[in-house]
Amino acid sequence: MQTSQPPMPRYLKEDELSQECTTLLSTLPAERGWVCSAFYNYQGFWHNARQLQGVLSCQKHFQAQDTDILLVTTPKSGTTWLKAILFTLVNRIRFPPTQDDHPLLSNNPHMLVPFLELKLYVEDESPDLSSFVSPRLFSTHLPYVSLPKSVHDSQCKLVYLCRNPKDTFISLWAFTNKLRLQEMGTNSLEQVFDKFCKGVSLYGPFWDHMLGYWQESLKNPEKIYFLTYEEMKEQPSLHLRKLADFLGCPFSSKEEEENVVESILKICSFDNLSNLKVNKEGKLPSGENNSAFFRKGEVGDWKNYLTTEMVERLEKICEEKLHGLGLKF
Ligand code: A3P
């Protein structure tokens, strides 16, 4: 029986490209994609065609403000969770986390914290952002080298999130198979694992993505807060407090007494968000089912999928590329 399938989100479309993007694509190295027919290497990282157009528009037009907060993540590292957390954290006066009609209870986190190059700048070359209230909260998967110039020139803050590559890979494999149209079939684990290890995945190579932000966060800890999914899972209260300090909105002693930290973590928890009607049954305007962003939400699910050889190969890559620079998972 055929089940109804959502249309391809706009950032995965391969037609209706601008002349500028079409010309650029013809000059870039290309590889077979995981969902789209091709990935293109731009500034050292792999992109889909329409999404790259969003990257170009974002680089050209996005004007960061000093008060902006940018959540930067590698795909499938827990973006949805951190979007929920940052939104709830910075808006906790306007929307107390225990409020019955808190926006998170009726909106998927991706609607509250939009992606720059995957949503705003893929839909419009120069979107009107005037309705966003300060501090504006956006998200992106852009690698450090590809950030718009205004992000560096302004005092906006960056929260960077990544995840153990073994879990990231499994999550990405499962998610991209949901995005593939029925007639395309699914990608086997082996096929895409090899690509992932060669760096050919959305915004890959993952090690260069992580290193770009890791090294900058060491140089400029006031500007970039570097966090992993595993750290957030292990010590959520600690990191939430640190994020609040980093963003200049520390918890007051009154808030501590009122357990605001715990309330934020509770409303943003996997159990709470994944069981909300909006996330079980709703869809994003781009067509993806909200439920696709909530799979298991666990650390170590890779053990159920990867062979010993696969684990060794990925661990060797991490050892060679990341450990020497102090980044361990
Ligand atoms: P799994 O596929 O391992 O379950 P992203 O948001 O970057 O697309 O990442 C998706 C991953 O984050 C999925 O991982 C998803 O289940 C997990 N996730 C989503 N919401 C979460 C939450 N509130 N707490 C913890 N993990 C969450």
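Of all beta bridges that DSSP places with both ends in segment 19-322, some 30 percent have antiparallel geometry.
How large is the dipole of the chain about the Cα centre if only Lys and Arg carry +1 and Asp and Glu carry -1, each at its Cβ, rounded to the nearest 20 debye? All intermediate terms of the calculation are to be shown ahead of the outcome.
Values: 36 positive and 41 negative charges, 49 e Å.
That gives a dipole near 240 debye.
What percent does the relative contact order of the chain come to when contacts are Cα pairs within less than 8 Å and at least six residues apart? It would help to have the intermediate numbers written out before the result.
On the way: 461 pairs, mean separation 76.9, N = 329.
About 23 percent, as a whole number.
In this view, the solvent-accessible surface of ILE224, computed with a 1.4 Å probe and all protein chains in place, comes to about 10 Å². Globularity index of segment 103-248 is 1.17 (Cα radius of gyration / 2.2 N^0.38 Å, N = number of residues). For a straight C-alpha distance cut-off of 26 angstrom, the lysines reachable from LYS195 (same-chain residues fewer than eight places away being disregarded) are LYS13, LYS76, LYS119, LYS166, LYS178, LYS296, LYS303, LYS316, LYS321, LYS328. Label-to-label distance for GLU222 and GLU123 is 3.6 nm, based on points extended 7 Å past Cα in the beta-carbon direction. Using alpha carbons only, how many degrees (0 to 90, rounded to 10) separate the axis of helix 206-219 from the longest principal axis of the chain? It works out to around 40 degrees. With respect to the chain, whose longest principal axis is taken over its alpha-carbon atoms, helix 79-90 is tilted by about 20°. I'd like the accessible area for GLU190: 1.4 Å probe, protein heavy atoms, all chains in place, Å² to the nearest 10. Rounded to the nearest 10, the figure is 110 Å².
Protein heavy-atom surface of the chain, 1.4 angstrom probe: 50% of the accessible area is carbon and sulfur, with nucleic acids and ligands not counted. Its DSSP H runs of at least 4 residues, each contributing -39,500 (n - 2.57), put the calculated 222 nm mean residue ellipticity of the chain at -11500 deg cm²/dmol, to the nearest 500. Think of a 1.4 Å ball rolled over the protein heavy atoms: segment 19-322 then has 43 Å² of accessible area per residue. Fully extending the segment from SER18 to ALA38 would add 5.5 nm, taking 0.36 nm per residue of separation and subtracting the current Cα-Cα distance. What is the helix-to-structure angle for 236-246, meaning the angle in degrees between its Cα long axis and the longest Cα principal axis of the chain, kept from 0 to 90 and rounded to the nearest 10? Relative to the chain, helix 236-246 is tipped by roughly 80 degrees. If a spin label sat at a point 7 angstrom from the Cα of GLU234 along the line to its beta carbon, the backbone N atoms of segment 311-329 nearer than 12 Å would be those of 328-329.
Report, in debye and to the nearest 20, how large the dipole of segment 3-66 comes out about its Cα centre when Lys and Arg carry +1 and Asp and Glu carry -1 on their Cβ. If you can, show how the numbers build up before the last one.
On the way: 5 positive and 6 negative charges, 19 e Å.
It comes to approximately 100 debye.
The label point for GLU257 and the one for LEU181, both projected 7 Å from the Cα toward the Cβ, are 6.1 nm apart. If one computes P(r) from the Cα atoms of the chain, what percent of pairs lie at distances over 32 Å? Considering the chain, 26 percent of its Cα-Cα pairs are separated by more than 32 Å.
The values are calculated or read from the model by the stated rules, or taken from the named source; none is laboratory data. Quantities reported herein were computed from a predicted structural model and do not represent experimental measurements. Glycine also receives a Cβ, built like all others from the backbone with ideal geometry; neighbour counts cover every protein chain displayed. These accessible areas exclude ligands, DNA and RNA; they are computed on the full protein's heavy atoms, side chains included. Shrake-Rupley method; radii C 1.70, N 1.55, O 1.52, S 1.80 Å.
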